[in-house]
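Please treat every number below as a calculation from the coordinates, not as lab data. Computed from a predicted model, the values in this text were never measured in an experiment. Cβ sites come from the backbone with ideal geometry, for glycine too, and all protein chains shown count toward neighbours.
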Amino acid sequence: MIRTVATTPFDGQKPGTSGLRKKVPVFQQPNYVENFVQSVFASLEGYEGQTLVVGGDGRFYNREAIQTVLKMAAAAGFGRVMVGRGGILSTPAASCVIRKHKAFGGIILSASHNPGGPEGDFGIKYNIGAGGPAPEKITDAIFAATGTISEYRIVEAPDVDIDTLGTSSLEGMTVEVIDPVADYAELMAQLFDFDAIRALFAEGFTMRFDAMSAVTGPYARSILEGTLGAAPGTVVHGEPLPDFGGHHPDPNLVHAKELYDLMMSDGAPDLGAASDGDGDRNLIVGRGRFVTPSDSLAVIAANMHLAPGYKAGIAGIARSMPTSAAADRVASALGITCYETPTGWKFFGNLLDAGLATVCGEESAGTGSNHVREKDGLWAVLMWLNIIAVRQLDVDEIMGRHWAEYGRDYYTRHDYEEVDAAAAEKLVADLRARLQDLPGQSFGGLTVERADDFAYHDPVDGSVTSKQGLRIFFSNGSRIVYRLSGTGTAGATLRVYIEQFEGDTARQDQDPQIVLADLIALSRSLPDIEGRTGRTAPDVIT
Ligand code: VG1
Ligand code: CO
């Protein structure tokens, strides 16, 4: 029986973001999940009888939210829902399933790298039929719907068994519980030289993959240990836990410190890798060598023709604006375009659909290609394994040769987390107002060449997205970028991105924090971060 429930507009998603991301207790409020899901359906057309893909990263509240989505999808008239067994689907696997089974779209339950558990974060986002995050046209419509909603529709039925593979019916809608790994694993086998990677492991190559008690555990175990023959125990923290074992499932140097320390120690394996809560980010560390995500994108772009799925070469590269210029150098060497987009994977969708870009990346540890429409953590790891297997070089050698050929873009990101939101907004607003006066000014030895607030003109649909980050370029080619995070759930997070090019091979193996020290100091003094936020140092340095 379908029940129509009266409700009221709610304080939902922030405009411009891909979905809802809030603390779990917020989602536990009566009607909260229902309101958002109804707002999503209200902004879509033509889904009757079609397929919806549903899954999440296994965090606390995943199962409850999935039951609500199933019952509301049935009430809305979807013909079929494909749901990952146990409610599990990594973000890239969801994208893969949506595309492969020609679904109308998908609902992904995740707050990505944010902490989980009863007091942690939860999230819901909608992906379109191409497999990627909803574009702004749809997220704006969802946001508008949250402000006018007056009722929602839901089927009254007992909970659906989502732990047994197979098909059942819910008020006329088919519910298909699928293996969360199978379609994704099949796609990876098409893209990469699994024989070469298998031979690499057979020759004794060692690896640790830290799944951070999040969603990639089952995927990594199946593919790395199962199919590719990596030693049992290669995947650690491989069981998805509702609270991620109390850790932040964020593969950065703070939260993946155990892996990082191992990789810097004498007993390090050949490759260290990790992924985040929903499996779309990656961390790559060689023995004694951390690879910044910006460099990883550049290395992948320069070498991906070595993987069978990309042997014809790549059409173009796309990177988010704060990502370093390392990928631009590879693009110009290959004679292809490097597109520069705002932060967030949704901006890559049009470029990928139009065939303008083959590989995309963000400095925040996101890398992916046209195989799906999300960034893909395990894909990046398999790509590195493929490159290592074919070139027979270790990570450190690959990086050294890359820098010798293209130069090194020293890079760091400094995050000031949970700062007072009003202070952070004012800091950015005041700096924005000063941008036009900066060119020509000198700070120590650094002279500003130009400064702007990044605006993106989408070459495919002509849309313009403005106010995407303050950029200050210096005459020596260095750059400082400021922007506020759109994914935090408490206060504001100020992100400061700093980079400087080094073409001299003899000076390419230094500590970025030391090389960039003057720029870092300037990044703090220029907008007076300490005076305005009380912070003398960032919370996270990447
Ligand atoms: C962060 C990253 C951004 C990424 C986004 C979603 O956004 O900087 O590059 O696309 O998270 O990643 P922000 O607005 O906090 O800087 V995920 O792994 O949450 O899908
Ligand atoms: Co993520």
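Could you check the simple spin-label distance between LYS467 and ASP266, using points 7 Å along Cα→Cβ, in nm with one decimal?
It works out to 5.6 nm between the two label points.
So if I restrict to the alpha-carbon atoms in region 184-406, what is the Rg, and what is Dmax, the biggest pairwise distance, in Å?
16.1, 47
Using only Cα positions of region 2-180, each an equal point scatterer, no hydration layer, compute I(q)/I(0) via Debye at q = 0.15 Å⁻¹ and quote the log10 values to two decimals.
Log10 I(q)/I(0), no solvent term: -0.77.
What does the charge count around GLU374 come to, taking other residues whose C-beta lies under 11 Å from its C-beta (Lys +1, Arg +1, Asp -1, Glu -1)?
Values: positive: ARG99, LYS125, ARG281, LYS346, ARG373, LYS375; negative: ASP278, ASP280, ASP376.
Result for the neighbourhood of GLU374: +3.
Within the set of other residues whose C-beta is less than 10 Å from the C-beta of ASP163, count the net charge using Lys and Arg as +1 and Asp and Glu as -1.
Value of the local net charge: +1.
Between Rg and the Kirkwood Rh of region 102-238, both from Cα atoms, what is the Rg to Rh ratio?
Using only Cα positions, Rg/Rh for region 102-238 is 1.05.
How do LYS375, LYS426 rank when sorted from fewest to most other Cβ atoms within 10 Å of their own Cβ? Provide the component values of the computation, followed by the final result.
Details: LYS375 27, LYS426 14.
With the sparsest Cβ surroundings first, the list reads LYS426, LYS375.
So how strong a dipole does region 450-519 carry about its Cα centre when Lys and Arg Cβ are +1 and Asp and Glu Cβ are -1, to the nearest 20 debye?
In total the dipole reaches around 280 debye.
If you place +1 on the Cβ of every Lys and Arg, -1 on the Cβ of every Asp and Glu, and leave all else neutral, what size is the dipole of region 408-541 about its Cα centre, to the nearest 20 Debye?
It comes to approximately 240 debye.
When a/c reaches 1.5 or more, the comparison of a/b and b/c decides; with that in mind, is region 53-100 rounded, prolate or oblate per its Cα gyration tensor?
Cα axes put region 53-100 in the oblate bin.
Taking neighbour Cβ counts within 10 Å as the exposure measure, how do THR493, THR465 sort from fewest upward?
Placing the least packed residue first, the sequence is THR465, THR493.
Counting only other residues whose beta carbon sits under 13 Å from that of GLY531, what net charge do I get with K and R as +1, D and E as -1? Before the final figure, lay out the partial values.
Values: positive: LYS426, ARG524, ARG532, ARG535; negative: ASP420, ASP430, ASP528, GLU530.
Charge balance near GLY531 sits at 0.
State the extension gain, in nm to one decimal, for the chain segment bounded by ALA455 and LYS311, taking 0.36 nm per residue of separation less the distance between their alpha-carbons.
So the chain would gain 48.5 nm between ALA455 and LYS311.
Going 7 Å from the Cα of THR447 toward and past its Cβ, which residues in region 456-479 have a backbone nitrogen under 18 Å from where you end up?
From region 456-479, the list is 472-479.
Would you kindly state how much longer the chain becomes between HIS101 and ALA404 on full extension, computed as 0.36 nm times their sequence separation minus their alpha carbon distance, in nm to one decimal?
Numbers: separation 303, 0.36 × 303 = 109.08 nm, distance 4.42 nm.
In short, 104.7 nm is gained.
Which whole-number percent is the relative contact order of region 2-180 (Cα, under 8 Å, 6+ apart)?
35
Multiply the residue separation of VAL390 and ASP511 by 0.36 nm, subtract the distance between their alpha-carbon atoms, and state the gained length in nm to one decimal.
Working: separation 121, 0.36 × 121 = 43.56 nm, distance 2.91 nm.
Full extension from VAL390 to ASP511 adds 40.6 nm.
Output needed for region 82-127: three equivalent-ellipsoid semi-axes, defined as square roots of 5 times the C-alpha gyration tensor eigenvalues, in descending order, whole Å.
Taking √(5λ) for each Cα gyration eigenvalue gives 22, 10, 8 Å.
If you place +1 on the Cβ of every Lys and Arg and -1 on the Cβ of every Asp and Glu, how big does the dipole about the Cα centre of region 345-489 come out, in debye to the nearest 20?
That gives region 345-489 a dipole magnitude of about 260 debye.
Exposure proxy check: PHE78, PHE474, PHE10, PHE36 ranked by fewest other beta carbons within 10 Å?
Going from sparsest to densest Cβ surroundings: PHE10, PHE474, PHE78, PHE36.
What's log10 of I(q)/I(0) for the chain at q = 0.12 Å⁻¹, Debye sum over Cα points only, no solvent?
-1.16
Considering only DSSP beta bridges whose two residues both sit in the chain, what percent are antiparallel, to the nearest 5?
70
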